[in-house]
Amino acid sequence: MVVGEQKPLEEILEMIEPYDRLILAGCKGCVAVCAAGGEREVRFLASAIKTARKAQGREIEIREVTLERQCDPEYVEQIRPFVGQYQAILSLACGVGVQFMAEHYRQIPALPGLNTTFVGGAERQGVWVERCQCCGQCVLHLTGGICPITRCSKSLLNGPCGGSSNGRCEIDPEVPCGWQLILDRLKELGQLERYLEIIPPKDWSLSRDGGPRKVQREDLMR
Amino acid sequence: MKEGFKSNSRLERILKAGHFAVTGECGPPRGADPEAIRKKGELLKGCVDAVNVTDCQTAVVRMSSLSSCLILKEMGFDPILQMVTRDRNRIAIQSDILGAAALGINNILCLTGDHQKAGDHPQAKNVFDIDSIQMVAAVKAMRDEGKFMNGEELTVRPRLFIGAAENPFADPFEIRHLRLAKKVKAGADFIQTQCIFNVKRFKEWMKRVVDMGLHEKVFILAGITPLKSVGMARYMKNMVPGMDVPDEVIERLKGVPKEKQGEEGVRIAIETIQELKEVEGVHGVHIMAIEWEEKVREIVEGAGLFPRPEI
């Protein structure tokens, strides 16, 4: 899922400073699962904003909505009937949702309430970790199911570098060395001989480096 | 270029003549002062066969390696251009390789580079388009096949003696010789290792290297760094990832008065070189006297490696 973190309240208050009528839009997708932008967070944030504005002596009207997904036009369109009554949309979706809002409603600004952090999963209750960089050319079959692009701080395809120490990365003793994980896993699978193969340079044109990407499925297009 | 040689490198000639090689290191200044390079150069003159010039080591901004190499070349040195993939994509790397060769640089050391997180610009965006092993393969293809990384032909081939680094003290230990094997397979002509303080572990690594026959395919230069003080030893042990400074070394430095610790550090360096000279597969030493270049001559002399052969 896409993992996000709510921006500090101060930053949000500064962003919405010019407005007195706001749509606060949550998303029931990934950001609800990672407890950053779902129905519950919309409720809490709306209340925090109202309290802060009240203290400033400038009350604000907030329309709380939480859409099924903000990355789908069908759901984004659901606020059209009342969007004209508001001055801005504060979206608690990931960056995709904010941009879809901006694309659909051109008369008022769409503001990000979250920092979209990474594509990852829940390691345990309350802890989310990055697992994929969306490089567009998966190599997990070569590296024991552990992603060198994400887990190695230098994205080495032929690691580990000389900074791997006791299974830890040189950037931080809290960070496991991605290549130590890969090697341990290859050993478990009885595939350590794979390590001797040199993995050639990656084609980054399939990644973000090639410009904004698009997946087009003729069979689904109408 | 002589028959049977890959480059005009003095280091290549020394190694192929069977001499025990000595290379040194020069860290460029944090400013545009060419004198800082010349001053270090003066201290290394006559003591080394070639001199490495670091490339923004520890991810701290310094004068560029290539410019510093050129200043040293003007002084008569055979510089080894260190190049990291942290700050350059494949376009910049290949371009700099051509430029270096055109300026008469004969040696390159291909490195991934320290992560910028511990450097002086942790906010920087890193590159890591390719890794050091892929870079070795790229330089080799440019030199031996006259081809860029995309397979297209280049005009005049860069005649570079290709180096890579290896750290026998990083983990996991059991694949460190295999990683060296990958660098050899990619086309490395010489290897310079991380600083050796734990000679026992280095020997264990070398044994695995020799067992694989890698010492016959690549020249291995063992890394030496003289310790200035107990403080420096402790710092390297605790703060530099992948550095192995055994407690015996720290105890030995602690055993002498503070003002004598530098002398003791130099003595340890000399003894280490003498011990390494006897290790099968070690073809030379790479002395990294960090901001202490004035001690290099003493170390080289003490180890019986002075004067350097004329070749």
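The values are calculated or read from the model by the stated rules, or taken from the named source; none is laboratory data. This is a predicted model, so every value here is computed, not measured. Counting neighbours? That spans all protein chains shown, and the Cβs are built from the backbone with ideal geometry, glycine included. For accessibility, only protein heavy atoms count, side chains too; no ligands or nucleic acids. Shrake-Rupley method; radii C 1.70, N 1.55, O 1.52, S 1.80 Å.
The amide H of A:Arg168, built 1.01 Å from its N in the peptide plane, has A:Cys177 as neighbours under 5 Å, considering only residues 5 or more places off or on other chains. When the pairs B:Lys2/B:Lys295; B:Lys40/B:Lys228; B:Lys183/B:Lys228 are compared against a 27 Å limit on Cα-Cα distance, B:Lys2/B:Lys295; B:Lys183/B:Lys228 fall above it. For B:Val51, the residues whose amide H sits under 5 Å from its own are B:Gly24, B:Asp78, B:Ile80, ignoring neighbours fewer than 5 places away on the same chain, with H placed 1.01 Å from N. Each DSSP beta bridge with both residues in chain B is either parallel or antiparallel, and the antiparallel ones are about 5%.
Beta bridges per DSSP, both residues in the stretch A:2-118: antiparallel share near 20 percent. Among the trypsin sites (Lys or Arg not before Pro) within the stretch A:25-64, those in coil by DSSP and having at most 16 neighbouring Cβ atoms inside 10 Å are A:Arg58. Free of any GluC sites (Glu not before Pro) that DSSP assigns to a loop and that have at most 14 other C-beta atoms within 10 Å, the longest stretch within chain A is A:69-196. Applying the criteria of a DSSP loop state and at most 11 other Cβ atoms within 10 Å to the GluC sites (Glu not before Pro) of the stretch B:203-301 yields B:Glu278, B:Glu280, B:Glu291. Simple point charges give the picture: +1 on the Cβ of Lys and Arg, -1 on the Cβ of Asp and Glu, and for chain A a dipole about the Cα centre of about 200 debye. If you take the square roots of the eigenvalues of the alpha-carbon gyration tensor of chain B and sort them as a ≥ b ≥ c, do you get rounded (a/c under 1.5), prolate (a/b over b/c) or oblate? Verdict is rounded for chain B.
Take each residue in A:194-202, count the other chain C-beta atoms within 10 Å of its C-beta, and the mean is 5.
Ligands, DNA and RNA left out, the 1.4 Å accessible surface of the stretch A:40-181 is 50% carbon and sulfur atoms. Remark: the stretch B:162-269 carries a charge dipole of roughly 80 debye about the Cα centre, counting +1 on each Lys and Arg Cβ and -1 on each Asp and Glu Cβ. Backbone amide hydrogens, once placed in the peptide plane, bring B:Arg62 within less than 5 Å of B:Cys56, excluding anything fewer than 5 places away on its chain. DSSP bridge analysis restricted to the protein assembly as shown gives an antiparallel fraction near 25%, rounded to the nearest 5.
Computed from point charges on the beta carbon alone (+1 for Lys and Arg, -1 for Asp and Glu), the dipole magnitude for the protein assembly as shown about its Cα centre is near 280 Debye. Using a cutoff of 8 angstrom between alpha carbon atoms and counting only pairs six or more residues apart, the relative contact order for the stretch A:2-118 works out to 35 percent.
Pairs spanning more than 31 Å between alpha-carbon atoms, out of A:Lys154/A:Lys214; B:Lys6/B:Lys237; B:Lys6/B:Lys73: B:Lys6/B:Lys237.
Note that the stretch B:271-287 has calculated 3J(HN,Hα) couplings of 4, 4, 4, 4, 5, 5, 4, 8, 7, 4, x, 8, 9, x, 10, 10, 8 Hz, one per residue in order, obtained from phi through the Karplus relation 6.51 cos²θ - 1.76 cosθ + 1.60 (θ = phi - 60°); glycine and proline are x.
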